[in-house]
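The values are calculated or read from the model by the stated rules, or taken from the named source; none is laboratory data. Here the structure is a predicted model, which is why all the values come from computation and not from measurement. Glycine also receives a Cβ, built like all others from the backbone with ideal geometry; neighbour counts cover every protein chain displayed. Protein only, heavy atoms only, side chains kept; ligands, DNA and RNA dropped before computing areas. Shrake-Rupley method; radii C 1.70, N 1.55, O 1.52, S 1.80 Å.
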Amino acid sequence: MEYAIKTIGVLTSGGDAPGMNAAVRAVVRAAIINNIRVKAVFRGYKGLMDDEVQEFTSQDVSGIIQRGGTILKSARSEEFRTQEGRARAYATIKKEKIDALIVIGGDGSFTGARLLAQEYNIPVIGIPGTIDNDLWGTDATIGYDTALNTIMECVDKLRDTGTSHERLFLVEVMGRDAGFLTLSAAIAAGAEAAIIPEKATVAEQLEAAIGHGRRKHKNSSIVLVQEHAIEGGAQAVAKVIEQSHPEYGTRVTILGHLQRGGSPTAYDRILASRLGCAAIQALLDEQRSIMVGVQNSEIVYVPLTQAIKYKKNIKDDKWQALQVLSI
Ligand code: F6P
């Protein structure tokens, strides 16, 4: 019996993440090998509403596995949040004869995907792609490992100058509402402390940071500050420290969007390749409205509703490790 899904659409949405191209490549090739046609949708949901669609062959995804960003472009669309916007998107889906949609993005993108699936009864599969790693139901998201390595390399460099000048460096790290990147980067770079939204109050974390660094035997230190742990981010933390400890020679570095760039690590390329293939397999398995993820290195199917609704927790042992190792 021929499988009902003949054509799929694939798009990347929300903040770009290194490895998205590897995922697009995997989706396209895994689909084609299963006799499913692929329509690439450009600029995320905006492109879906505006019918920015092009059929992809296997050759269209050649030479992209190593490239950061997304060849499909990405966007955050306010209009897609409205019913009218989603109706426009569905008009494209019908016009292009797309039978199922694969969405590579984070939880904002999955929220839109779920609504579209509900309203128009279309199979949707999510592939987690965000540097924030904040999706419940998967151990890792595409782009997280690359961003983590980028941050670690930046902090290593800052330590060189920080040590030379005996300064306190506050490094602001992305993550939206989550501290995964900040905490893991702090451990990997040997930072003295991390200030993240999930733990204690900022005042307490700050106190610990100062205690672990300057007040003891160290005369330079690095504290990673999650961008939304405190209003005003690392600059706000710096103001507090400059007042209480003007002698610290505090400096602030905001890593910003460079954290989203660069060639994906081997880990992210492999993760993206596996998840891209898994997304097609999920469609063949007649799955709908699920996210493909990895748990303990195994591929899992997670209902989109759960991936969106539940909050992924910071691992306690990681938090403890940072406290222990930064004495
Ligand atoms: O979700 C990815 C992310 O990079 C967050 O870490 C950050 O808060 C946000 O996107 C930045 O968004 P924008 O690129 O729209 O400024």
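Percent of Cα-Cα pairs per 10 Å bin, from 0 to the last occupied bin, for the range 45-96, please list those. Spelled out bin by bin, the range 45-96 gives 23, 40, 29, 8 percent. The lysines whose alpha-carbon is closer than 17 Å to the alpha-carbon of LYS46, local same-chain residues fewer than 8 away aside, are LYS73, LYS94, LYS95. Computed over the range 216-276, the alpha-carbon pair-distance distribution with 10 angstrom bins reads 17, 33, 23, 17, 8, 1, each value a whole percent. If the elastic network links every pair of Cα atoms under 10 Å, which of ASN149, ASN133, ASN313 fluctuates the most in the Gaussian network model of the chain? Ranking ASN149, ASN133, ASN313 by mean-square fluctuation puts ASN313 first. Relative to the current alpha-carbon distance between ASP316 and LYS157, full extension at 0.36 nm per residue lengthens the span by 54.4 nm.
Using the Cβ-Cβ distance between GLN59 and ALA87 with R0 set to 22 Å, the FRET efficiency works out to roughly 0.05.
Charge dipole of the chain (Cα centre as origin; +1 on each Lys and Arg Cβ, -1 on each Asp and Glu Cβ, all else neutral): 360 debye, rounded to the nearest 20. Here the accessible area of the chain is 50 percent carbon and sulfur, with a 1.4 angstrom probe and all protein chains present.
Equivalent ellipsoid of the range 116-176: semi-axes from √(5λ) of the C-alpha gyration tensor, largest first, are 39, 10, 7 Å. Put simply, the amide H of GLU198, placed in the peptide plane, has neighbours under 5 Å in GLY179, leaving out anything fewer than 5 places away on its chain.
Debye-formula intensities of the range 145-260, expressed as log10 I(q)/I(0) at q = 0.09, 0.18, 0.19 Å⁻¹, are -0.19, -0.81, -0.91 (one equal scatterer per alpha-carbon, no solvent).
For the range 64-138, the list of trypsin sites (Lys or Arg not before Pro) that fall in a loop by DSSP and count at most 14 other C-beta atoms within 10 angstrom reads LYS97. Taking 7 Å steps out from each Cα toward its Cβ at LYS309 and GLU204 produces label points 3.0 nm apart.
Solvent-free Debye calculation, one equal scatterer per alpha-carbon of the chain: log10 I(q)/I(0) at 0.07, 0.11 Å⁻¹ equals -0.31, -0.69.
Exposed loop sites here are GluC sites (Glu not before Pro) assigned a DSSP state other than H, G, I, E or B and surrounded by at most 12 other beta carbons within 10 Å; excluding them, the longest clear run of the chain is 79-230.
Estimated from helices alone, the mean residue ellipticity of the chain at 222 nm is -13000 deg cm²/dmol (sum of -39500 (n - 2.57) over DSSP H runs with n ≥ 4, per residue).
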